[in-house]
Amino acid sequence: MCLSLSKSFYIKGLQCQKALWLEKHNKAVLTLPGAAAMATIEEGNAVGSLACALFPGGRKITTKSISLSQKVVLTQKWINEGVHDIYEATFEFDGVLVMVDILHKNADGSFEIYEVKSSTKAKDIFKQDVSIQYYVLNGLGYDVSDVYITILNTDYVRSGELDIKQLFTHVKVTSEVLALQGDIPANLGKFRDLLTDDLNEPDIDIGWHCKNPHECDAMDYCWQQQRGIPEYSVFNIFSLTKTSKALGLYQQGIVDIKDIPDDMKLTDKQKAKVDAWKAQKGVINKGAIKSFVDSINYPIYHFDFETLGPAIPSFEGMKPYEKYPFQYSLHIEQEDGSLEHKEYLAIPGQDPREEIVKRMVEDIPTGACVMAFNISFEKSIIRTLANNYPAHKAHLMNIHDNFIDLEIPFQNGDYWMPSMQGHYGLKYALPATVPEMKEAYPDLDSVHNGNDAMAMFKKLGEATDFDEIAKIKSALLEYCKLDTYAMVKILNNLKVLIK
């Protein structure tokens, strides 16, 4: 039988059959993965490779130099030779191709399947993933005794060299996988019937499945191109859930916020957003803004971190996905408006945390008024640093306790403009309050957001050309510098409003 479905196709079909059809017959309409998605893929590959060391002495089916059919043949050859552990073991049955992350052969001749995920939870979708692997191996006559999902252990704290036996944990899902086997033939039948017709796109409406369990790469096509849902719509007022009010409105033909019925029950914040959008007028609560501004003391230390949160703990004392800072920017603003800028950018591959701590306590005195946009993030990083470096804990926690959040006037709706489209993050607040800086972030070279910064810092660690290194460093420094300069400009324009 011609290979027609892969494991990833099967999982995609479970989420949405239309997405599966588009993947097969009209892939051009799908959105390519962005920086964040690519980083997740790379992280997953690194975790998968590392997990193979849990089963030392195995052999890996190479991923590039041979065809899929050759991989199937090679897998069978190694099994026949008695290889006990095969990484990326490849099988085909009933027109379905699967690659098993780790196939382990027991002493009694039975096999165990290990599906490695760069996650800290054995999610239901992972069980579906491994269930199709079991289906294929079982169909080929292999005795699969147990099935596991290998995930990261959130209790693991790195101490010295990485201990992969502690880093990973195996979750046995054999019973759940067996319970799913009865659904697979019918699912495969539906998917094959669907894919046989390469002309007629399935008529499947949008809904909760568009983001569950993952955000679908066909969302732009289905939502904007096909249904004309505005960039700012009822789905921005009500979160998309299985029972979202936005879906109810959509099913009534209402997607534009201006068409939301006046008598619809809304929270105070929702009503404020809806009323402001309908009126197409901004909200400027001068009294609340003045109270906020009056709470600020000079000099103001405008501060911003850039961080990484690797799945595999990079340094001593870290847990999986624990964030650590690799960069910061600091604009010190005096009452007369004068500015001084300080910054730090780490050397890739080296633990930057202690140096960052030392620089922070040098640059920011105790008792200082420290400002950030969404302080919960900066404060969480500082708390972790304070616990890791007790010699500086008192100073760091003083900084922590003296933060003022510039996001408050926007989050509370005291300053809101239609152009912000219900958002109140820095990238929306800046053009709304400082129109002349509308293109400040788009005009930057290479780094335009936090995801870009993470990707570029990783790229910096791989760069060898002097000019490329200099260019990446410059892009990172300019981006982080803009974050704190943007806060200076936003605050100054808020002060102008209340004069």
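Some points to look at:
- Tensor-based shape of the range 208-267 (alpha-carbon gyration tensor, a/c under 1.5 rounded, otherwise prolate or oblate): oblate
- Across the chain, counting alpha-carbon atoms alone, Rg and Dmax equal 26.7, 83 Å.
- When both bridge partners sit in the range 282-499, DSSP labels roughly 75% of those beta bridges antiparallel.
- The residues Lys319, Lys165, when put in order of fewest to most other Cβ atoms within 10 Å, stand as Lys165, Lys319.
- The label point for Glu316 and the one for Lys258, both projected 7 Å from the Cα toward the Cβ, are 6.2 nm apart.
- Legend: ranking of residues Lys481, Lys71 from fewest to most surrounding C-beta atoms inside 10 Å; resulting order Lys481, Lys71.
- Degrees, to the nearest 10: 466-497 long Cα axis against longest axis of the chain: 50
- Inter-centroid distance (Cα atoms) of the range 150-174 relative to the range 397-427, Å: 38
- Of the three principal axes defined by the Cα atoms of the range 8-62, the extents in descending order read 42, 25, 20 Å.
- The range 1-39 and the range 226-249: distance between their alpha carbon centers, rounded to Å: 24
- Theoretical FRET efficiency, 1/(1+(r/R0)^6), r = Cβ-Cβ of Ile498 and Lys121, R0 35 Å, to 0.05: 0.15
- Potential lengthening between Ser295 and Thr366 on full extension [0.36 nm per residue; Cα-Cα distance subtracted]: 23.8 nm
- Degrees, to the nearest 10: 353-363 long Cα axis against longest axis of the chain: 10
- Dipole axis of the chain (+1 Lys, Arg; -1 Asp, Glu on Cβ), positive-most option in Ser419, Gly349, Leu491: Ser419
- From largest to smallest, the equivalent ellipsoid semi-axes obtained for the range 135-259 from the alpha-carbon gyration tensor read 39, 26, 13 Å.
- Protection proxy ranking, peptides 94-106, 327-339, 279-291, average beta carbon neighbours within 10 Å, highest first: 94-106, 327-339, 279-291
- Pairs from Lys7/Lys458; Lys7/Lys127; Lys123/Lys245 whose Cα-Cα separation, in the structure shown, is over 21 Å: Lys7/Lys458; Lys123/Lys245
- Residue (of Ala276, Gly450, Pro230) at the positive-pole extreme of the chain, dipole from beta-carbon charges: Ala276
- Cross-linked pairs Lys190/Lys242; Lys121/Lys211; Lys242/Lys265; Lys211/Lys481: Cα-Cα separations exceed 28 Å for Lys211/Lys481.
- Antiparallel %, DSSP beta bridges [both residues in the chain], to 5: 70
- Mean separation of Cα pairs under 8 Å and 6 or more residues apart, divided by the residue count, gives the chain a relative contact order of 12 percent.
- The range 247-336: C-alpha gyration tensor shape, a/c 1.5 cut-off, then a/b vs b/c: oblate
- Gyration tensor (alpha-carbon) shape descriptor, the range 301-437, a/c threshold 1.5: prolate
- If you wrap the tightest convex hull around every Cα atom of the range 5-195 and split its volume per residue, you get 142 Å³.
- Alpha carbon centroid spacing (whole Å) that separates the range 83-105 from the range 313-332: 37
- Sorted ascending by nearby beta carbons within 10 Å, beginning with the fewest, Glu176, Glu81, Glu42 become Glu81, Glu42, Glu176.
FYI, it's all coordinate maths here, none of it is from the lab. What you see is a predicted model; the values in this text were computed from it and never measured. Cβ coordinates were reconstructed from backbone atoms using ideal geometry, including for glycine residues, and neighbour counts include every protein chain displayed.
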